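Here's the structure we're looking at; comments come further down.
The numbers here are math on the coordinates, done by the rules we state, and not lab data. Values in this document were obtained by computation on a predicted structure and should not be read as measured data. Positions of Cβ are generated from backbone atoms using ideal geometry, with glycine treated the same way; all protein chains shown enter the neighbour counts.
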Amino acid sequence: MKFVENLLDNVKPIFDKGGKLEKLYPMYDALETFAFVPDHTTKKGAHIRDSIDMKRTMFLVIVALIPCLLFGIYNTGYQHYLALQEEASFIDMVLFGLWKALPLIIVSYGVGLGVEFIFCIIKGHSIQEGFLVSGMLIPLIMPMDVPLWMVAIATAFAVLIAKEVFGGTGMNILNVALTARAFLFFAYPTMMSGNKVWVNAEGGTVVDGYTGETLLSQAITQGANFYNTAGVQYASVSESFMDSFLGFIPGSIGETSVLAILIGAAILLWTGVASWRIIISGIAGGAVMGLIFNLVGPEVAPENLYLQVPWWHQLVIGGFMFGVVFMATDPVSAAQTEKGKLIYGFLIGIAAMIIRIVNPAYPEGIMLAILFMNVMAPTIDHYVIQGNINKRLKRLKTA
Amino acid sequence: MSKAIKVKKGANINLMGEAEKKTASAQRASVFAIKPDDFFGTIPKLSLKEGAEVKAGTSLFYDKAKTRVKFTSPVSGEIVEVKRGAKRKILEVKVLADSEIQYETFTPWTGGTDRESLVNTMLEMGLWPFLKQRPYGVVANPDDAPRDIFVSFNNTAPLAPKASYALAEEKDDIQLALDALNLLSEGAVHIGVEAGDNFFGSMSNVQVHTVSGPHPAGNVGVLIHHVAPINKGETVWTVSGMDLAIIGRSLRAGQFRAERTVALVGSEVEAPQYYTTMIGAKIESIVGGKLIGDNYRIISGDPLTGDAVEIEGHLGFFSSQISVLPEGDHKKFFLTDGWLAPGFKSFSLSKAFPSWLTPGKKYRLDTNLNGEERAFVVTGELERVFPFEIYPMQLIKSIMVNDIDAMEKLGIYEVLPEDFAVCEFACTSKINIQQVVEDGLADMRKEFES
C-alpha cells in the first residue's frame, strides 16, 4: 500500500496551505483519512488509545442496515409483481428492487455528501463521518416510488438545516434522516401518503381489490382485518402478523421486515454502538400504550377500529421498529444520560402509538414521536443531571 | 476498621512487558533534574543560581505563592543548568552529582505529637511536595489542615509496579510515614489496599479499605469518592503509596533520602524488571542498553497518565514506573490495520474489534491516536469506565465551554485528570480529556484562589 501512500503524499502539496487547490484541502483530507488512519500520535495524557474511531463506529451502523436494505430491495420487487399478479423469479424481483432502490441511494449520498463537502470547504473543517449513516438511512425510510428530485431536496434540506447550521456532526438536535422524511411529509403530503407511492404497479393491470395501501392506513378503516397487496384478506391475525414480521407488506424500503431490523439491532447492541436502554424501553413504551388502547379502546371509542389492532401486531407494522432501532438510538440527538435514555425511549414508544392510533391524519407516528423526543431529550437529561447535582448538594448540607 | 470497596466500572488494558519481580541497581546517573512542571500549579522561584554547590536536601527552588514549600536536590553536587523554555519558563533544574552524596542535616522525626516541628522538617527537607491537595491536585498548603489524608497502595494502572513487592523491605519506614500523616490530618488517614493484601493491610494508625476492580479502581480519587467524597470548601490531601518509603526513610534519618524503586516496563523493553534509582535520575541511566529497536516512546509514569521524556531527560518526581511503548507515527492502511481491517492486533474496549474474544491476551499498543479528533458523538462509553457518581461527558462539556458554575455542580472538586485516563483511552472522538480536565481545574483555581 506504499504506492497509494506515496501517490497521496505526492499530490498533497497542491492541497496544502499555499498550494493551488488549498481550498479543496478538506476533500483531500477526507480521501486520505479514508484510506489511511493518519500518523497522528498522542502527545500527553493517555499515550495509548482505543482502536475504535468514528469511521469504524459509523461503518458498523451501515453493516447493521444491510439486512434491511437487502430485504427492502427484494420486497420492492415482490410487492410489484404481487400487485400485478405476474409470475416472477427471485432474480426478477431483486432486479426490479435494485432499479428502484439504487437511484435513491445514489441521490441521497450524492446530494448529502455534496452539501457536506461544500460546507466543509467554505468553513475549512475536515469532513466528518456522520452522513455515511444518514445517507443510507434516508433511502431506507423513503417509499420506493418517491420522485428522485424530492429525495434530493429533502436531503439537502436535512443536511443544511438539521445539521450544518448547528455546527455539523455531533452538534445536531434533530435526527438528520428523519428531518429529511419529515420535510417531504409536510412539504408534499399528497405524494408521501395515501396509496400511490408504496407499491409500484406500473406496466400492467392491478388485480381486483388492490389498493396499494399500507397496513397502517388499512387499520384506520378496517382494524386488524388486513389485506395483502394482491387484495386478498389474511385468514387470521396471526397470518398478517407473520407477514408483517417477515416484511412481505408494503411500506418504506427498509422498514417492513422486523426480522431484518432485529438482525441489525443485534449487531448494534452486540457491538455497543446503539443503546439497549433506548431500544428496550422504546419497544416497552409502544407495547404498553398499544395494550392500553386495546383495553380501553372498545369502551371509549368503538368507532376507531385502529384501537382494536392487537398491541403485538402494532409493533411489527409501519416504521415503528425501524425507528426505535435505527433512528431513536442516534446518540447525538438522543438523551445522553443512562437514566435519560430509558425515559426517552419509553416516551418515544408511547408517543408513537398515540400519534399513530389516535390521530387519523398521521397513519404513522414514529417519525414525529422521535423528532419530538429529540427536542425533549436535553430536558430529560437536564432533570436526570439535576438529580445528581442535588445529591451532591445534599451531601454538602449534611456534612 | 476495614471496608471493602468493589469497583465495577473501569477497564484493564493488558499490555505486553510487565515487570518481572526482580530488582537490580540502575547505573548511577551523573546528572539529576527536578522539573517544576511535575507540580501542578506551582510557580517556581530559584533559590540558587547556576553554578552553586548543593547538598542532598538543599532547596533548588520554591513556590512563589507558598514560599515555605521548597523543592530540594536529591543529590549533592553543582547546579549545572537551569533549562528554560518559552517566556523563560523554568523546565528543569539540573544537578551534576558528586561521586558521594553529602546530605544536609535536619531534625529527624520518629514520632511524637509536635505537628509544627513535623511540618517544618518536611518543608525544609523537601518532603512536602509529596503531599497533594484535592481539589486541584496542587502541592498541599502547609497552612491548611486537611479533612483527611488518603493513600492508595493498589496501583491498577497498566503495567504498574506492585507496591507490596517494590516496598517489601521498607515496612517500618512506611509505618513511620503513615504516623506522620496521621499527625498532619485533622481526621483520619485512609489507605486503599488490594483485597487480600496483608502487607499494607496490617498497618496501624490508619483506616484500611480493600479495593478491587478494574482500573482506575486503584486511583486515590476513587478511594476518596467511595470513602468520603470531597464537598465544596473541603480539602483533603493525598500521597502516593510509592512515595511513603522516601518520606519515612528521610524523616527517620533527618536527611533527604531520594532513592526509589522503579519498574521499567513495556513491550519495547528487553527484560522488564525493577530497578533502584533516585528521584530525577537521567532516564538513560535506567533504560540505557535495555530497549528494543529505535522508534519508541519513553514515558515517565504509566502509559495512561505519564509524561513523554527523551532518553536524555529525567525521571519525574512522582514516577515509580518507566514505560516504553512503540511510537505510532506511521499511517495505517484502512484495509490492513486501519478502520476497516479485521483488527486482530488491535485492542478495543468496545466489541467493534475482535479483542473481546481474547480477554487475557496482551497487546503491543503504539502511540497512534487511531483516528481523528471529532465532536462527541458516542454516548455511554465514558460512563462505563468511570467509577464515580459524576457525569463525565457533561462535566467535560462544561469545562469546554468554561462554565465554572456547572463544573462545580457536576463535581469537578472530586476529580483529577488521572481519574479520566481510561475515559480518554476509550473516547471514540479522540478528545484529549485529561488536558481538558487540567484546564478546567486551572480555571477553577484562578476563579477561587486569586
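Quick notes on this one:
- For the residue pairs A:LYS163/B:LYS397; B:LYS345/B:LYS430; B:LYS22/B:LYS362; B:LYS290/B:LYS332, the C-alpha atoms sit more than 23 angstrom apart in B:LYS290/B:LYS332.
- For the residue pairs A:LYS394/B:LYS409; A:LYS44/A:LYS123; B:LYS64/B:LYS89; B:LYS70/B:LYS94, the C-alpha atoms sit more than 18 angstrom apart in A:LYS44/A:LYS123.
- Principal axis dimensions, largest first and in whole angstrom, of chain B by Cα: 64, 48, 48
- Value of relative contact order over chain B, rounded to a whole percent, pairs C-alpha under 8 Å and six or more apart: 19
- Net dipole in debye of the protein assembly as shown [+1 Lys, Arg Cβ; -1 Asp, Glu Cβ; about Cα centre; nearest 20]: 1040
- Per-residue average of Cβ from other chains inside 10 Å of A:330-341: 3
- Neighbour-limited loop hits for GluC sites (Glu not before Pro), the stretch B:56-105 (at most 10 other Cβ within 10 Å; DSSP other than H, G, I, E, B): B:GLU100
- Cα-based convex hull volume of the protein assembly as shown per residue, rounded to whole Å³: 183
- In Hz, Karplus ³J(HN,Hα) per residue of the stretch A:308-324 (6.51, -1.76, 1.60; θ = phi - 60°; x = Gly, Pro): 8, 5, x, 4, 6, 7, 4, 5, 9, 9, x, x, 4, 5, 4, x, 5
- Test item: A:30-39 mean partner chain Cβ contacts at 10 Å: 6
- Length gained on full extension, A:THR398 to A:MET242, computed as 0.36 nm times the residue gap minus the Cα-Cα distance: 50.3 nm.
- With N as its number of residues, the stretch A:251-399 has a Cα radius of gyration that, divided by 2.2 N^0.38 Å, comes to 1.17.
- 3J(HN,Hα) from dihedral phi, the stretch B:42-58, Karplus parametrisation 6.51/-1.76/1.60, rounded to Hz, x for glycine, proline: 8, 9, x, 10, 5, 8, 9, 8, 3, x, 6, 8, 10, 10, 5, x, 7
- Rg ratio (alpha-carbon, reference 2.2 N^0.38 Å) - the stretch B:369-449: 1.03
- Per residue of chain B, the DSSP helices (runs of n ≥ 4 H) give a summed -39500 (n - 2.57) that works out to -6000 deg cm²/dmol at 222 nm.
- Net dipole in debye of the stretch B:1-132 [+1 Lys, Arg Cβ; -1 Asp, Glu Cβ; about Cα centre; nearest 20]: 920
- One Cα centroid belongs to the stretch A:322-399, the other to the stretch B:191-234; the line between them spans 37 Å.
- For the stretch A:231-239, 3J(HN,Hα) per residue [Karplus equation, 6.51 cos²θ - 1.76 cosθ + 1.60, θ = phi - 60°, Hz, x = Gly/Pro]: x, 9, 6, 5, 5, 8, 5, 5, 5
- Relative to the dominant Cα principal axis of chain A, helix A:54-84 is inclined by about 30°.
- Lys, Arg +1 and Asp, Glu -1 on Cβ, resulting dipole of the stretch A:94-205 about Cα centre, debye, nearest 20: 100
- Furthest towards positive pole of dipole, A:PHE185, A:ASN10, A:LEU95, structure part chain A, Cβ charges: A:ASN10
- For B:THR58, residues with placed amide H under 5 Å, excluding near neighbours: B:SER73, B:GLU104
- Among B:THR235, A:MET376, B:PHE386 the positive-end extreme of the charge dipole of the protein assembly as shown (Cβ point charges): B:THR235
- In nm, spacing of pseudo-spin labels at A:ASN10 and B:LYS49 (7 Å Cα→C-beta vector): 6.0
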